Amino acid sequence: MPELPEVETVCIALSKILNNSRVNNVEIFRKDLRWNINENLETGLKEKILKKPFRRGKYILIPTSKEHILLIHLGMSGIIKIISGEYNLSKHDHVKLNIETKENKYFSIVYNDPRRFGYVDFFHINKIENHFLLNKLGVEPLESGFTVLYLKKRISKKSQCVKNFIMDQNIIAGIGNIYASEILHRANIHPLRTVDKLKKEHLKSII
């Protein structure tokens, strides 16, 4: 599954062409992803000006000039293709945006997902705090709020294993199985150790 670093990499790649680009056309080839794509995606996104993408947890968020957000969740197997020139539809392509950059260059942005565990959504920015995929996300591990004090508060009265704890998106946003294993290996903490047994130095090592 794409985790925080992979999603951040996709955001950086998209940022190079999406900022101030216009959506000329939207095509949906399959709506039944992990959740059904909303009917308003095609009509709502067309002709919108896209702004610089950013990441929240494992989600790609692309604002528009009309105060809407395009959300992309890559799920287990999703990828984003950035295509210049003609493009022939491939198996498992579910959504395609045709965009024109501010330099008058044309690209297709294609969401491909063999397992269909991902999602694409489009909503007004005033709904971002209450969006069902975003409203319970925990702290970003690269931001200042990720501290020993924060972890101690979240550990309180918990006895789960530390690996499950740091993979909980409601506690730390963006960390999945691969990076949880790497974090605990480098911190020299057994993944089955329960969080109530962690000392301050363990929390510092995890951070």
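Placing +1 on the Cβ of each Lys and Arg and -1 on the Cβ of each Asp and Glu in the chain, which of His190, His94, Asn164 has its Cα farthest towards the positive end of the resulting dipole?
Working it through, the farthest residue towards the positive pole turns out to be His190.
Would you mind checking Lys136/Lys157; Lys16/Lys127; Lys66/Lys152; Lys66/Lys204; Lys52/Lys157 for any pair whose Cα atoms are more than 31 angstrom apart?
Lys66/Lys152; Lys66/Lys204; Lys52/Lys157
If you filter segment 141-207 for trypsin sites (Lys or Arg not before Pro), then keep DSSP loop positions with at most 16 other Cβ within 10 Å, what is left?
Hits after loop and neighbour filter: Lys157, Lys158, Arg193, Lys199.
Counting other C-beta atoms within 10 Å, and keeping those with at most 11, which DSSP coil GluC sites (Glu not before Pro) do you find in segment 75-116? The partial results should precede the final answer.
On the way: sites: Glu86, Glu100, Glu103; in loops: Glu86, Glu103.
Taking segment 75-116 and a limit of 11 other Cβ atoms within 10 Å, the loop GluC sites (Glu not before Pro) found are Glu86, Glu103.
In nanometres, what is the gap between the two model label sites at Ser205 and Asn135, each 7 Å from Cα along Cα-to-Cβ?
For Ser205 paired with Asn135, the spin-label model returns 3.9 nm.
Taking log10 I(q)/I(0) by the Debye sum over Cα atoms at q = 0.08, 0.09 Å⁻¹ straight from the coordinates, which label in [x] -0.66, -0.73; [y] -0.24, -0.30; [z] -0.32, -0.40 is the correct one?
Computed from these coordinates, log10 I(q)/I(0) by the Debye sum over Cα atoms at q = 0.08, 0.09 Å⁻¹ corresponds to label [z].
What does the charge dipole of the chain about its Cα centre add up to, to the nearest 20 debye, if the Cβ of each Lys and Arg holds +1 and the Cβ of each Asp and Glu holds -1?
In debye, rounded to 20, the chain gives about 800.
For the chain, what is the accessible area per residue in Å² when the probe is 1.4 Å?
On a per-residue basis, 54 Å².
Report the chymotrypsin sites (Phe, Trp or Tyr not before Pro) located in segment 94-168 that are in a DSSP loop and have at most 12 other Cβ atoms inside 10 Å of their Cβ, or state none.
Phe132
Tell me the net charge near Lys81. Cut-off is 10 Å between Cβ atoms, Lys81 excluded, with +1 for each Lys or Arg and -1 for each Asp or Glu.
Charge balance near Lys81 sits at 0.
Using a 1.4 Å probe on the protein heavy atoms, what percent of the accessible area of the chain belongs to carbon and sulfur?
Numbers: 5520 of 11230 Å².
Carbon-and-sulfur percentage of accessible area, whole number: 49.
When the convex hull of the C-alpha atoms of segment 107-157 is computed, what volume per residue in Å³ does it have?
185
Please list the helices of the chain that count as membrane-span-like by this rule: a mean Kyte-Doolittle hydropathy of at least 1.0 together with Cα atoms stretching 20 Å or more along the helix axis, each helix being a complete DSSP H run.
Qualifying helices, which must be both long enough and hydrophobic enough, are 4-18.
Between Leu151, Asn130, Asn25, whose Cα lies farthest towards the positive end of the dipole of the chain when Lys and Arg beta carbons carry +1 and Asp and Glu beta carbons carry -1, centred on the Cα centre?
About the Cα centre, the residue reaching furthest to the positive side is Leu151.
Taking a virtual spin label 7 Å from the Cα of Arg154 along the C-beta vector, which residues in segment 33-63 bring their backbone nitrogen under 12 Å of it?
57
Relative to the present Cα-Cα distance, how much length would full extension add between Arg116 and Arg186 at 0.36 nm per residue of separation?
21.9 nm
If the reach is capped at under 13 angstrom between alpha carbons, list the aspartates and glutamates near Lys48, excluding any in the same chain fewer than eight residues apart.
The qualifying aspartates and glutamates are Glu67, Glu100.
Which of the three applies to segment 1-104, rounded, prolate or oblate, going by the alpha-carbon gyration tensor with a ≥ b ≥ c and a/c under 1.5 meaning rounded?
Rounded.
Between Glu143 and Lys46, what FRET efficiency comes out of the Förster formula 1/(1 + (r/R0)^6) with R0 = 30 Å and r the beta carbon distance, rounded to 0.05?
0.30
The values are calculated or read from the model by the stated rules, or taken from the named source; none is laboratory data. None of the values given here were measured: they were computed from a predicted structure. Backbone-built Cβ (ideal geometry, glycine too); neighbour counts: all protein chains shown. Note: accessible area is taken over every heavy atom of the protein model, side chains too, but ligands, DNA and RNA are not part of it. Shrake-Rupley method; radii C 1.70, N 1.55, O 1.52, S 1.80 Å.
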